[in-house]
Each structure stands twice: as C-alpha cells, then as structure tokens.
Amino acid sequence: MNTRSMIFTLYGDYIRHYGSEIWIGSLIRLLKEFGHNEQAVRAAISRMSKQGWIQSTKRGNKSYYVLTEQGSNRIEEAAKRIFKLNQPSWDGKWRILMYSIPEEIRQVRDELRQELVWSGFGSLSNSSWISPNPLEKQVYDMISKYDIKSYVNFFIADYDGPNEKKHLVESCWDLQEINERYGEFISKYSQKYIIDKNKIEKGEMTDGQCFVERTILVHEYRKFLFVDPGLPQELLPDKWLGDSAASLFSQYYKEIAEPAGRFFEEIFKEGNEINKRDGDHDFLTHPLIID
C-alpha cells in the first residue's frame, strides 16, 4: 500500500477528528503497523506538503503536520462520499464542462482531468466532461485553483437525445467493470466481516488488529471514489452492487470502529505525553468522533 495514500486515509478516518494535526513521531508509529518505515513516511509527508495538502508547524524541535484548507476540503468531500447514507434524487440536469487548454500548460490539463475523474465526471470527448450530479462548487473551485477561466465553458443542460440516457451513461462510464469491482469487494469483505465479528465477540482480536483492519477497509473502499461517479439511482443498471457494498462497508466499519479508535487514541496521546515531557505544553488533543 502506497505510503502517501495511507497517510490520506489516516487523516480522513482519524486525524481530522483531532484538529487535523499530528506529531510526525505519532504518524511514523501508526504507519509502522502497515510496514512503512520512517524514511518512507517522511518522504511522503514532504511530497504532500509540496502539493499543498498539509503544512508543517514547529513547537520546540518537534514537527507537526496539519491539513491545509485545500487538504481539509478534499478530506471532507471524500468522507461525505464514503459515509453517505442516501443518494439524493436527481434533478434531471447534466453538468457539462468544456475546455481548450493550450499545450504549453498541458500539466494543468492533465491535473484537471484527474480532478474531474475524482469528482465523478465522465469524458464524453477529449475536452468535454459531463456529470448528472450538482458539482457546480467543485467545478468553480477547479477553475479558480488552476486559473483557467479563459479556457473553459460550463453548462447546466437537459439531454434531448437522439439516444436514451442509458446510451449517454455507457459512453462515459464502464458501469459493468465498476459493478464487477464491487462484487469482488463484497466477496472478500463479507467473509472477513463474519470472521472478525466472531473474533471480537470472543475477545480474540486486539485493538491494534482492529486498527489495522479498519484502516485497510477504509483504504480499499476509498478507491471506489476514483472509479464510481456516484450516479443517481435513475441512471444505474439493474442489479447494481454499489448499495450492497456500501451496506457491508458500514456494518464492518461499525463493528471494528471503537477498538480501532482506542488504539489510535493511545498512540496519539503517547506522542502528546512525550512532547509535554519535552516541554511542548501547548499541544491539545481533541475527542474522537466516529462517523
């Protein structure tokens, strides 16, 4: 598992509930549970800082890393999509973003495409992207972030054929492949859920093991944010497995959330106590909130 990606998972599932800030020593200790060494953690943190997701602060000779506004917005958006309960009803409208970004800033174009995919847009053509979801804020945030106002046009429109909406959806997203991936998730984690549930009931699973399993569960489920556009129910095929996967995720998560949270809090507070002994008396903890 990629170190940088695991750090994003930890910020999203744990650290954001503690003021979005953590001592680097605690982060290194937590990631050691997954086989990541100190050098890999520091390299990943440095990269995330350069990309604007986090920023460092110093107290004494200790380094802390807190989410930036950009990082916090991304984490909160991801959390809402991961822990969503119900898909809102569709207003029948399509959001269409069209751009013509010059070759000399193609890096911006490439990054914009990645952002669009992550937000749930589908590519209708090389420079035309659509979504049935109300993503106006995300679109204008991207336009501002990349300073591309002069190169884009954004529409909210109806689809008037000549084909059915199903044909439009199939042109932009491979729902069969996504459904197969959901099936694989269900097959794997339905068995793990039963096994771990029995272990917890018998007291055969430590808090540390629950922390590892909860983090991996969220980490794996979070990958669907990059492939599933979150289409309204009206546009989904019959026998869609996304809802069943979401239900399984929620049940499994709730089963291991409390002991996993205890383990995280123990490491988090150990770092706090170490730093207090070293003279960092202004570092505050925050209560854990489990979605």
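The values are calculated or read from the model by the stated rules, or taken from the named source; none is laboratory data. Quick caveat: nothing in here was measured; it's all calculated off a predicted structure. All Cβ positions, glycine included, derive from the backbone under ideal geometry; neighbour counts span all protein chains shown.
Just a few scattered comments:
- The listed residues are LYS166, LYS137, and the only one of them that is in contact (Cβ under 8 Å) with a residue 40 or more places away in the chain and outside any strand (DSSP E or B) turns out to be LYS166.
- Near pairs, Cβ below 7 angstrom, 6+ apart or cross-chain, from segment 69-80 (assigned to a helix (DSSP H, G or I)) to any residue that is surrounded by 15 or more Cβ atoms within 10 Å (Cβ to Cβ) and of a type in the set (D, E, K, R): ILE75/ARG16; ALA78/ARG222
- From the options ILE96, ILE75, ILE101, residue that is of a type outside the set (Phe, Trp, Tyr) and modelled with pLDDT of 95 or more: ILE96
- Residues in segment 196-215 that are buried (at least 17 other Cβ atoms within 10 Å of the Cβ) and either in contact with a Ser or Thr (Cβ under 9 Å, 6 or more places away or on another chain) or not in a helix (DSSP H, G or I) (or both): MET205, THR215.
- Test: residue in segment 4-17 that is in a helix (DSSP H, G or I), more than 28 Å from MET142 (Cα to Cα), of a type outside the set (Lys, Arg) and at pLDDT 95 or above: no
- Total residues in segment 108-131 satisfying the condition of being within 13 Å of GLY230 (Cβ to Cβ) and in a loop (DSSP other than H, G, I, E, B): the figure is 2.
- Of the criteria (1) among the acidic types (Asp, Glu); (2) in a helix (DSSP H, G or I); (3) surrounded by 18 or more Cβ atoms within 10 Å (Cβ to Cβ), which one ASP228 fails: (2)
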